[in-house]
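Novice: For reference, the structure I am asking about is given below.
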Amino acid sequence: MTEIDSEETLRPHTSIVANKVGDEYILLHLETGLYHGLDGVGTLIWEKLSAGEPLTAIKQSITAKYEVSDEVAERDLRALIEEMLDADIVIQT
Amino acid sequence: MNTNLESFLSNGWEARFVGASPFAVSASTLIHVEPITGIEVYHGHGREGAPPWLLRFPGVIDVLIDPRANEVSIYRSNPEIDRSMLDHVIQDQLLPRVVGHFSNSLVLHAASVVVHGRCLVFCGRSGAGKSTLAGGLLRYGAALLSDDATALIATDGEILARGLCPSLRMNRDSLEVTGYRDTRDPADVEAGRKAQLANELLEVSEIAHPLTALFIIDEEPSHEIRFVEIGASSACMTLIESSFAITPTDIERVKLMFTLAAKVTNTAYIRQLSFPRDFARAADVRKALLEHLSLTQGVS
């Protein structure tokens, strides 16, 4: 598992093209040709990541919007970040 | 030969029918094979300075596409192919891919009609029932835009739909249920192929119309007739999967198609249409469709 520091910022891979449809994002990785759909939480995380916010700030946004505990927000955030790193959707800066 | 190509590509594209194919291509230049159709896409076809694309429609035609010269050259690769098959491949397979690749529109595998001034698009795979739906609506006073390929053009706050080739091809069962008799080549029906209706039977429209509704045909047959709202990301992905282009390996084109599909998803009224694949219930499907759109008034 990749070590991710809470103060770390991640940025979208340069081969990612993102379009918002309805309230959700779809991401296209131009190198793999794969499309990735994001749900509501995923969309919030993507918008914050793209804006350069660190993981701690993103976690606070999740707890505020979805009224979940810090632990739940942290777990969901790290799970999605792991998936995004594995799929080369985001990279560590 | 009129391939209708020039009217969709604004910068002076021309299509010409050249004759027998002179090409012997090297497998090393093959960059893509479409899984269902078997259409082969070659890049540069092995010669320095050659036009970028060679498309081989197996056993029918080879096509050189030169975007620098805005030229499409069509070569017959099998002299025994009849006119009906040749027209079908050019109109329903070549034209949508060229327009889908070189225009600013999203070309969907979709039938389209205009009913009482409302433009309806039915998106679905081959055999999904697009032509039967369209043909049935024509009997109720609709005008045909296309039975197989429809270009969607995104303008400010509006999506326009235009048929690529206003012809209608149906198999025997669909002909019977829609009541059409006269086909251009009765041998097609006898051979179990889809037959193209004589165009003088149809009211067609070759202009772009503001899109009223886009229906994605559910591939699973359903006993009930249902119009189901689907998620935006699912709708967008279906539009991308249903779009024509020369090859998915052209990154710039893929990006544009993605952007266009997102615009259509964000702007258009889109529903999944589920219906029974039972010709005896075709009239029920048509009725439900018109009721869904509150179009029953004035329709006899």
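Novice: (1) surrounded by 16 or more Cβ atoms within 10 Å (Cβ to Cβ); (2) closer than 26 Å to B:Thr183 by Cβ; (3) in contact (Cβ under 8 Å) with a residue 40 or more places away in the chain: which one isn't true of B:Leu86, the others all being true?
Specialist: Failed condition: (3).
Novice: Shifting gears a bit: So which residues in the range B:247-264 are at the interface with chain A (Cβ under 9 Å from one of its Cβ atoms) and either in contact with a helix residue (DSSP H, G or I) (Cβ under 8 Å, 6 or more places away or on another chain) or more than 23 Å from B:Pro210 (Cα to Cα) (or both)?
Specialist: Within the range B:247-264, B:Pro248, B:Thr249, B:Ile251, B:Val254, B:Lys255, B:Phe258, B:Ala261, B:Ala262 qualify.
Novice: Moving on. Does any residue of the range A:2-21 turn out to be away from chain B (no Cβ under 14 Å), surrounded by fewer than 17 Cβ atoms within 10 Å (Cβ to Cβ), acidic (Asp, Glu) and closer than 20 Å to B:Met237 by Cβ?
Specialist: No, because not a single residue in the range A:2-21 is away from chain B (no Cβ under 14 Å), surrounded by fewer than 17 Cβ atoms within 10 Å (Cβ to Cβ), acidic (Asp, Glu) and closer than 20 Å to B:Met237 by Cβ.
Novice: Hey, can you tell me all the residues within the range B:230-239 that are assigned to a helix (DSSP H, G or I) and either farther than 29 Å from B:His32 by Cα or within 7 Å of another protein chain (Cβ to nearest Cβ) (or both)?
Specialist: Within the range B:230-239, B:Ala232, B:Ser233, B:Cys236, B:Met237 qualify.
Novice: Using the structure shown, decide if B:Ala134 is in contact with a Lys or Arg (Cβ under 7 Å, 6 or more places away or on another chain), free of Cβ contacts under 8 Å to residues at least 60 places away in the same chain and over 11 Å from B:Leu211 (Cβ atoms).
Specialist: Spelling it out, it is not the case that B:Ala134 is in contact with a Lys or Arg (Cβ under 7 Å, 6 or more places away or on another chain), free of Cβ contacts under 8 Å to residues at least 60 places away in the same chain and over 11 Å from B:Leu211 (Cβ atoms).
Novice: Now for a different question. Restricting to the range A:22-58, name every residue that is within 11 Å of chain B (Cβ to nearest Cβ), assigned to a loop (DSSP other than H, G, I, E, B) and without any contact (Cβ under 8 Å) to a residue 12 or more places away in the chain.
Specialist: If the condition is that a residue be within 11 Å of chain B (Cβ to nearest Cβ), assigned to a loop (DSSP other than H, G, I, E, B) and without any contact (Cβ under 8 Å) to a residue 12 or more places away in the chain, then A:Gly22, A:Gly33 are the ones that fit.
Novice: Give the residue that is nearest to A:Asn19 (Cα to Cα), with candidates limited to residues of the range B:212-246 that are under 16 Å from the mean Cα position of the chain (by Cα) and β-branched (Val, Ile, Thr).
Specialist: Top of the filtered list is B:Ile240.
Novice: Hey, another quick one. Within the range A:1-29, restricting attention to residues that are aliphatic (A, V, I, L, M) and at pLDDT 80 or above, which residue is farthest from A:Ile91 (Cα to Cα)? Before you say what the answer is, go through the steps one by one.
Specialist: Within the range A:1-29, the first condition is being aliphatic (A, V, I, L, M), and the residues that meet it are A:1, A:4, A:10, A:16-18, A:21, A:26-28.
Subsequent filtering for residues that are at pLDDT 80 or above retains A:10, A:16-18, A:21, A:26-28.
Numbers: A:Leu10: 6, A:Ile16: 11, A:Val17: 14, A:Ala18: 15, A:Val21: 24, A:Ile26: 18, A:Leu27: 15, A:Leu28: 15 Å.
Among those that are aliphatic (A, V, I, L, M) and at pLDDT 80 or above, it is A:Val21.
Yes/no matrix, rows are residues, columns are (1) in a helix (DSSP H, G or I); (2) farther than 17 Å from B:Glu206 by Cα:
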site: B:His88; (1), (2): yes, yes
site: B:Arg97; (1), (2): yes, yes
site: B:Asn104; (1), (2): no, yes
site: B:Ala110; (1), (2): no, no
site: B:Leu120; (1), (2): no, no
site: B:Ile153; (1), (2): no, no
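Novice: So B:Asp218 passes all but one of these: (1) touching a residue at least 24 places away in the same chain (Cβ under 8 Å); (2) within 11 Å of another protein chain (Cβ to nearest Cβ); (3) surrounded by fewer than 19 Cβ atoms within 10 Å (Cβ to Cβ); (4) among the acidic types (Asp, Glu). Which condition number does it fail?
Specialist: Every listed condition holds for B:Asp218 apart from (2).
Novice: Determine, yes or no, whether A:Glu24 is over 27 Å from B:Glu241 (Cα atoms) and surrounded by 12 or more Cβ atoms within 10 Å (Cβ to Cβ). Step through it out loud before you land on a result.
Specialist: Working: over 27 Å from B:Glu241 (Cα atoms): no; surrounded by 12 or more Cβ atoms within 10 Å (Cβ to Cβ): yes.
The answer is no for A:Glu24.
Novice: Just checking, does the range B:142-155 include any residue being at pLDDT 75 or above, out of contact with any Cys (no Cβ under 8 Å at 6 or more places or on another chain), polar (S, T, N, Q) and loosely packed, with under 14 Cβ neighbours inside 10 Å?
Specialist: Checked against the condition, which is being at pLDDT 75 or above, out of contact with any Cys (no Cβ under 8 Å at 6 or more places or on another chain), polar (S, T, N, Q) and loosely packed, with under 14 Cβ neighbours inside 10 Å, the range B:142-155 yields at least one hit.
Novice: More than 14 Å from chain A (Cβ to nearest Cβ), under 18 Å from B:Ile36 (Cβ atoms) and not β-branched (Val, Ile, Thr): which single residue out of B:Phe244, B:Phe227 fits that description?
Specialist: Going through B:Phe244, B:Phe227 in turn, just one is more than 14 Å from chain A (Cβ to nearest Cβ), under 18 Å from B:Ile36 (Cβ atoms) and not β-branched (Val, Ile, Thr): B:Phe244.
Novice: Looking only at the range B:274-292, decide whether some residue is on the phi < 0 side of the Ramachandran plot, part of a helix (DSSP H, G or I), within 14 Å of chain A (Cβ to nearest Cβ) and over 22 Å from the mean Cα position of the chain (by Cα).
Specialist: No, that holds for no residue.
Novice: To continue, here is another question. Checking the structure you have, find out if any residue of the range A:41-59 is exposed (fewer than 14 other Cβ atoms within 10 Å of the Cβ) and in contact with a Leu (Cβ under 7 Å, 6 or more places away or on another chain).
Specialist: no
The values are calculated or read from the model by the stated rules, or taken from the named source; none is laboratory data. What you see is a predicted model, and the numbers here were worked out from it, not measured in a lab. Positions of Cβ are backbone-derived with ideal geometry, glycine not excepted, and every protein chain shown enters the neighbour counts.
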